[in-house]
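*Asks:* My questions will all concern the structure given below.
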Amino acid sequence: MVSKIKLGVLGSGRGSNFLAIYNNILAGRLDAEVAVVISDKPSKMLEKAKEFGLENVYLNPKDFPSKLDFDLEIVKVLKAHQVELIVLAGYMRILSEQFINSFPNKIINIHPSLLPAFKGLHPQRQALEAGVKEAGCTVHFVTFELDSGPILLQEKVNVDEHDTEESLSAKILEKEHIIYTKAIRMVSGEK
């Protein structure tokens, strides 16, 4: 029997992608287990993880002498939980080279744009300002360069003339909730 892939979920906010992934696990649409949920803030995502009885860890970056020390503590927690794939779900910190090297090709992220377009912060606003007709989201492997790793999946949405940053974000988020699970299945070799 093949064992389920062990996920480590890192997030900083409400955790809607984490919830979508976890609900897909519960519904049998994803053969995985959440080994640990880690947040750099006392977040809604952590509250949900506690509610579900999942291992959850809050690490305050201010409690560490450096960004590297903070990252290495997260690596330690992930390794202690035997995490096989790290899923960034609204994690708003850039990972250090040492962190990325600790899990080569085992860290994925979802970004609310059709990469390589609109990297970094506020990609929906960037898309609207550029006047594009299509926007979307991308699941990619994390590399040393921000939002530049190999792309796993993308999903498009139409940009309407009346879209605001909020309405476009909501449309993209719906697609994120679908493709993140698909990408985890791809990486884990699940059909």
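A short reminder: the numbers here are calculations on the coordinates, not readings from a lab. Quick caveat: nothing in here was measured; it's all calculated off a predicted structure. Positions of Cβ are backbone-derived with ideal geometry, glycine not excepted, and every protein chain shown enters the neighbour counts.
*Asks:* If Lys and Arg each add +1 and Asp and Glu each add -1, what is the summed charge of the other residues whose beta carbon sits under 11 Å from the beta carbon of residue 96? Spell out each step's value before the answer.
*Replies:* Numbers: positive: 67, 93; negative: 69, 71, 97.
Computed value for this residue: -1.
*Asks:* Add +1 for every Lys or Arg and -1 for every Asp or Glu among the other residues with Cβ under 11 Å from the Cβ of residue 158, and state the total. Mind showing how you got there, number by number?
*Replies:* Details: positive: 133, 156, 171; negative: 134, 160, 161, 163.
Net charge around residue 158: -1.
*Asks:* Taking the alpha-carbon distance from residue 48 and a cut-off under 20 Å, which lysines remain once sequence neighbours fewer than 8 residues away in the same chain are dropped?
*Replies:* The qualifying lysines are 6.
*Asks:* Just want the answer: with Cβ charges of +1 for Lys and Arg and -1 for Asp and Glu, which residue in 10, 94, 189 is farthest toward the dipole's positive end in the chain?
*Replies:* My answer, from the dipole projection, is 189.
*Asks:* Among the DSSP beta bridges whose two residues both lie in the chain, what percent are antiparallel, rounded to the nearest 5? Intermediate values should be presented prior to the final figure.
*Replies:* Values: 11 of 28 bridges.
Percentage antiparallel, nearest 5: 40.
*Asks:* Over the chain, what per residue volume does the convex hull of the Cα atoms give, in whole Å³?
*Replies:* Details: hull volume 23.2 nm³, N = 191.
Given the Cα convex hull of the chain, per-residue volume reads 121 Å³.
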